[in-house]
Structures are given as C-alpha cells and as structure tokens.
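Just below is one structure, and these are the notes that go with it.
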Amino acid sequence: MQTQTLTRKIETENLSVFYGSFKAISDVSVEIYENNVTALIGPSGCGKSTFLRSLNRLNDLVPKTAVAGKVLLDDTDIYAPSQDVVDIRRRVGIVFQRPNPFPMSIFDNVAYGPRLYGIKKKSVLAEIVEESLRGAALWDEVKDKLDKSGLALSGGQQQRLCIARTIAIEPEVILMDEPASALDPIATLRIEELIRKLRERFTIVIVTHNMQQAARVSDYTAFFNMGDDRAGYLVEFDETDRIFTNPQQKLTEEYITGRFG
Amino acid sequence: MAQDIFSQVNLQRVYRRRRLTNKIMLGLTGLMLVLALIPLIWIIVYVLIKGGRHINLDFFIHLPQPMGTTGGGILHAIEGSLVMVVLASVFSIPPALLAAFYLTTHESTPLASAIRFSTDLLAGVPSITVGLFGYAVIVLAQKHYSALAGGVVLAIIMLPVVIRSAEEMLKLVPPDLRAGSLALGAPEWKTAIKVVLPAAAEGIITGIMLGVARATGETAPLLFTALGNDNYEIGKMIKQGIEHNQSIFDVLGRIFEQPADALPLTLWKYAQQPYPERVEQSWAVALVLMLFVLSLNILARVWIARRRSALQ
C-alpha cells in the first residue's frame with residue numbers, strides 16, 4: 001500500500017506506564033510514521049488511551065504516574081529531564097473522546113492556542129482561525145457566528161471545533177482518543193473523512209473501539225491486549241491491510257473476527 | 001407455566017393497591033412541601049406587614065434621629081453593611097477560590113485534607129467567637145473599633161462557605177476540559193482562569209452569593225468589631241475629603257477606620273429600645289435586610305441567565 005519512503009516520527013522503546021503500583025502498559029515498542037494514520041485497537045482496559053496520552057505527556061496530569069522506557073519524537077526522548085513539556089504538547093496535539101470546547105466563543109476557542117504562543121494581532125489571529133476552521137471542515141458552517149459560544153454547536157461540530165483548535169498551533173502529530181465514539185454515524189463519517197485529509201499535513205495516531213473505523217481510516221494498526229497481570233501489551237503492529245486480512249498472531253485474528261473483546 | 005402462576009393472583013387488585021399507594025405518597029410529599037414553605041412565607045409576610053408601614057424614601061436616605069424622637073432613617077446601617085460586605089468579599093473570595101482550586105487539583109494530598117478539615121472546623125465556629133477573635137487581634141491592636149475589623153471577621157465567616165461550594169462546583173468541571181487546555185501547552189494558571197473558572201462560574205457565583213448573604217445577616221461578630229455608629233455616612237466623608245483636598249486613600253481610610261453600623265446590628269439595637277418608634281423601625285430594618293439579601297440573589301440569578309443566553 002505504501003510506496004513512498006517512510007519517515008519515523010515517533011518511536012517508543014519498551015514503554016511502560018505505571019499508576020502508583022499498578023502497571024497500565026508493559027514494554028510497548030512501536031514505530032509511528034510521518035503523514036500516516038496509525039490506529040490503536042484492542043479490548044477495553046488494555047491501555048490504548050494510556051499509551052496515547054503518554055505520547056504528549058498528558059499522563060503527567062494523573063498523580064503518581066511513572067514512566068519507564070522511552071518515547072522518541074524525532075529521535076529526542078520526550079521524557080528526558082531537560083525536555084520542556086510545553087514544547088512537546090505544542091508539537092503533539094490531542095483530540096479527546098468527548099468534544100470539549102472551552103466555555104468561550106468559537107473564535108476564541110481556535111485562537112486560544114496561538115494566543116498562548118504570543119500571537120496577539122487580530123488580523124493574524126483571524127487568518128489562523130479561518131485557516132484552522134477550513135482545515136477542520138467547519139468554516140462554512142460557522143463563519144457567520146464566530147462570536148457565538150462553542151458550546152452552542154452540535155456534537156459533531158464541537159468535535160471539529162476541537163480539531164480546529166488543535167491544528168491552530170500547527171502540531172506535527174495529532175493524537176485522537178476515540179474522537180467519534182460520542183457522535184452519530186453521519187458526524188462520525190465526516191470526522192473520518194477529515195482524518196484522511198489531515199493525514200496529508202499531520203501524523204495521526206487514533207484510538208478506536210470500532211474496527212471498521214480502524215480499517216477505513218488508518219494505514220497502520222497496532223493491536224493491544226490485556227495481559228494476565230492486567231497490564232496492556234502490544235500484540236501485533238503492521239500495515240492495516242495486513243492486520244485485517246492476514247494477521248500473524250492468532251489473538252489478533254480472534255479479535256478482529258469478533259471472537260473476543 | 002407462567003400463566004398458571006398469574007391466574008392464581010388477582011392482578012387488578014395488585015394494580016389498584018399500587019395506584020392507591022402512589023396517590024397517598026404523592027399527597028404526603030405535597031403536604032410536606034407546603035409545611036416546609038409555611039415558615040418561609042410566614043416570615044416574609046409578617047415582616048412585610050410589620051415593617052412595610054415604616055418604609056419610605058426618608059428611611060433610606062437619612063441618619064437616625066435622637067432617641068425618643070420620631071422619623072430618621074438607617075442610611076448609616078445600609079452604608080455600613082455595604083462597606084463591610086464589600087471588604088469581606090475582597091478579603092475572602094480570592095483566597096477561597098485559590099483554596100478551592102488547590103483542593104480540586106490536589107485532591108488527596110495531606111495539605112488538601114488539612115485544608116478541608118480546618119474549613120469544616122471554621123464553618124462550625126460560633127460567629128460570636130469569630131467576633132472575639134477580631135476584637136483581640138484587630139480592635140485591641142488598633143485601639144479602636146472599625147469597619148475594617150468588621151469586614152475581616154465577616155470575611156472569616158464567608159471563607160468556609162465559599163471554599164466548600166466553589167470546590168464542589170470546580171469538581172463538576174470535566175477533567176478533559178482542563179486537560180484540553182494543558183494539552184495545547186497552556187500553563188495551569190491560565191487554564192484555571194480562562195477555562196475552568198468560566199465553566200464553573202455559575203455555581204461559584206451562587207456559592208459567593210450564599211456567603212455574602214450569610215455575612216450580611218451576621219450580628220454577633222460585629223458587636224466586638226464594628227461596634228455601631230449612628231453617624232456613619234460615606235457621602236459626608238467624601239464631601240469633607242474633597243473640601244480638605246484629601247487624597248482618595250485618606251477618604252477610603254476614614255471610611256474603613258471608623259466604627260460602622262450594619263443592618264442586623266441596628267435591628268438588634270432598635271429592637272431592645274424602650275421607645276415604641278424604635279421597635280417599629282427595627283421591623284422596617286428587618287424588611288430592608290431581607291430585601292437586600294433577596295435582591296442580591298435575584299440579581300445574581302438574572303446575571304447568570306443573561307450570560308447563559310448570551311453564550312447560546
């Protein structure tokens with residue numbers, strides 16, 4: 001399926017994440033390629049979201065979290081003591097499961113990020129807002145009500161607003177944590193189309209419970225499972241086509257054919 | 001099989017009994033609601049009747065007349081209450097909000113437990129004890145009673161009310177909202193001010209209003225701190241300040257440093273006077289106090305509703 005050469009954007013080396021004494025994921029080593037969509041699938045509780053959130057250090061917000069192993073973003077370890085966490089989060093954005101627009105206007109929602117990095121000029125901000133909303137396929141629906149609250153939009157529109165907010169600071173990677181699971185089928189379809197489009201500009205990692213969705217949107221798929229010690233581990237990682245047509249592991253086959261999970 | 005079982009019971013009877021039980025319980029809850037509302041309505045109506053007669057414009061814009069004469073108003077108490085409640089709000093709301101933020105972001109640290117425990121203790125301290133504390137720490141040190149001392153003790157009374165209600169409201173903000181802001185690289189303080197606080201604003205303001213209502217109604221702590229002052233009049237103090245070319249700080253200093261009166265304090269004093277006019281006036285003070293707190297609540301609610309519709 002891939003003909004162009006692959007550039008490695010993120011690489012995890014034996015990544016384990018602990019919440020207190022509980023090991024949430026164990027020894028995950030995976031490569032995520034630039035301008036590709038990588039899907040993370042697996043049964044509930046297998047640590048997909050934990051893995052995703054460790055890629056921009058959002059797990060730091062959970063008290064007593066500890067990380068072993070490495071997460072390399074362009075070959076620099078994002079957990080190195082000298083690494084600035086704000087810089088990581090600017091380069092690696094995230095879209096959450098439930099749309100979470102801020103309690104402010106549509107314009108301010110999108111301008112929130114750029115303003116954090118010192119962009120104050122109204123004309124520049126307006127340009128970024130328009131560009132980001134176009135990028136998130138929301139511009140035509142909201143261009144006449146940019147001063148209205150982001151909370152007044154529908155669920156699908158709110159989620160695209162959150163995507164616009166994320167791309168407004170031009171990240172390199174976008175993490176998506178089940179971005180369509182709270183949406184209806186039509187809104188889901190629009191998000192999936194958007195993901196395919198965003199792939200041209202960004203590297204995307206998406207957690208999904210929906211295997212058809214993984215098959216539709218992703219180029220690569222990582223299948224996680226929960227071990228006997230309740231820690232999540234990586235079972236198989238490959239091109240999506242291969243995972244869904246010719247998986248190497250029996251467990252993967254059982255999962256994608258719906259025999260467990 | 002199942003039909004055999006049900007053929008032996010009279011379903012109609014079961015249904016009838018359930019309908020009857022439903023009616024009785026519904027009636028009972030309705031009755032309890034009315035019973036619970038009776039004291040409230042009784043108080044409002046009674047105070048309206050007893051106090052309403054003495055309410056007129058003069059009552060609001062004049063200082064008290066000497067004892068034994070009729071007429072005069074309660075301008076001193078209205079202004080004193082305002083000054084002290086504003087002071088109390090300024091002293092208590094910022095630290096209370098900061099404490100509430102700490103409690104929600106560091107839920108289970110030892111310091112959080114300590115804050116929660118002492119907040120509960122503080123809420124349980126009798127208000128007259130808080131007044132004595134103000135007397136010992138501020139009045140004795142300054143060697144005079146003052147509106148400032150009154151404001152400080154009212155702030156102490158407001159503190160636990162605002163902390164606990166703000167904490168509850170902040171807890172209701174979805175964690176991913178905060179995470180969303182931090183994920184964009186926003187610092188914690190900016191996330192708190194721009195995202196979390198607005199999301200919880202309505203509940204927090206309701207909590208602040210509760211605190212303000214509580215502070216406005218307190219009498220005991222003011223006995224030891226603000227004392228009372230029949231001649232407390234802000235307009236006069238400002239006018240004198242202008243006449244003597246004083247700076248705004250001098251004028252504010254005078255406003256804060258003088259002993260002051262407050263609505264509940266005036267009510268309490270008037271009610272035990274031997275002069276019938278004074279006792280009558282104390283009812284009117286009660287009415288003003290009640291309306292003050294009520295309108296504060298209504299204003300807050302209107303503001304919240306406006307804000308909500310403006311956002312939609």
Checked against a 19 Å limit on the C-alpha separation, the offending pairs among A:Lys70/A:Lys250; A:Lys122/A:Lys143; A:Lys9/A:Lys70; B:Lys143/B:Lys236; A:Lys122/A:Lys148 are A:Lys70/A:Lys250; B:Lys143/B:Lys236
Note to self, the protein assembly as shown gives a 222 nm [θ] from helices alone (DSSP H runs n ≥ 4, -39500 (n - 2.57) apiece, / all residues, nearest 500) of -18000 deg cm²/dmol
The size of the Cβ-based charge dipole (Lys, Arg +1; Asp, Glu -1) of the range B:57-311 about the Cα centre, to the nearest 20 debye, is 560
Between B:Ile49 and B:Glu188, the FRET efficiency computed from the C-beta separation at R0 = 45 Å comes out, to the nearest 0.05, as 0.25
quick shape note, chain A: Cα extents on principal axes in Å, largest first -> 54, 42, 36
At R0 = 22 Å the Cβ-Cβ FRET efficiency linking A:Val124 and A:Asn35, nearest 0.05, sits at 0.25
Site B:Lys171, offset 7 angstrom along Cα→Cβ, radius 17 Å on amide nitrogen, limited to the range B:181-204, gives B:200-201, B:203-204
Once amide hydrogens are built 1.01 Å from N within the peptide plane, the residues lying 5 or more places from A:Val207 or on another chain with amide H under 5 Å from its amide H are A:Leu40, A:Met176, A:Asp177, A:Glu178
Whole-number value, in Å³ per residue, for the convex hull of the alpha carbons of the range B:155-248 is 156
From the cross-link list A:Lys120/B:Lys194; A:Lys48/B:Lys190; A:Lys145/A:Lys197, the entries with a Cα-Cα span beyond 19 Å are A:Lys48/B:Lys190; A:Lys145/A:Lys197
Measuring from its Cα centre, the range B:124-272 shows a charge dipole (+1 at each Lys and Arg Cβ, -1 at each Asp and Glu Cβ) which, in debye to the nearest 20, is 120
With +1 on the Cβ of every Lys and Arg and -1 on the Cβ of every Asp and Glu, the dipole magnitude of the range A:1-80 about its Cα centre, in debye rounded to the nearest 20, is 360
Net charge (Lys, Arg +1; Asp, Glu -1) of residues whose beta-carbon lies under 11 Å from that of A:Ile94, A:Ile94 excluded, is +2
Those helices of chain B passing the 24 Å axial Cα length cut-off and the mean Kyte-Doolittle cut-off of -0.5 (DSSP H runs only) are B:11-52, B:75-105, B:147-171, B:197-217, B:276-311
Semi-axes in Å, largest first, for the protein assembly as shown (Cα gyration tensor, √(5λ)) are 60, 32, 23
Total charge of the residues flanking A:Ile191 in space, meaning their Cβ is under 12 Å from its Cβ, with Lys and Arg +1 and Asp and Glu -1, is +1
Checking rank on A:6-17, A:81-92, B:255-266, with mean other Cβ inside 10 Å and highest first, the result is B:255-266, A:6-17, A:81-92
Taking only the alpha-carbon positions of the range B:57-311 as identical scatterers, the Debye log10 I(q)/I(0) at q = 0.07, 0.09 Å⁻¹ comes out as -0.30, -0.48
Of B:171-182, A:119-130, ordering from highest average Cβ density within 10 Å down gives B:171-182, A:119-130
Taking every other residue with Cβ under 13 Å from the Cβ of A:Leu73 and scoring Lys and Arg +1, Asp and Glu -1, one gets -3
Pseudo-spin-label distance B:Glu280 to A:Lys145, built 7 Å along Cα→Cβ, given in nm, is 5.9
Averaged over residues of A:92-104, the number of beta carbons from other chains lying within 10 Å of each residue's Cβ is 5
If unit charges are put on Cβ atoms (+1 for Lys and Arg, -1 for Asp and Glu) and the dipole of the protein assembly as shown is taken about its Cα centre, the option from B:Leu291, A:Thr188, A:Phe223 lying farthest towards the positive end turns out to be B:Leu291
If the label point sits 7 Å along Cα→Cβ of A:Asn14, residues of the range A:68-100 with amide N under 15 Å come out as A:68-72
With 0.36 nm assigned to each residue of separation and the Cα-Cα distance removed, A:Gln248 to A:Asp27 gains 77.6 nm
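Each reported figure results from applying straightforward, stated rules to the coordinates on display, with no laboratory input. Being a predicted model, the structure only gives us computed values, none of them experimental. Cβ: placed from backbone, ideal geometry, glycine included. Neighbour counts: every protein chain shown.
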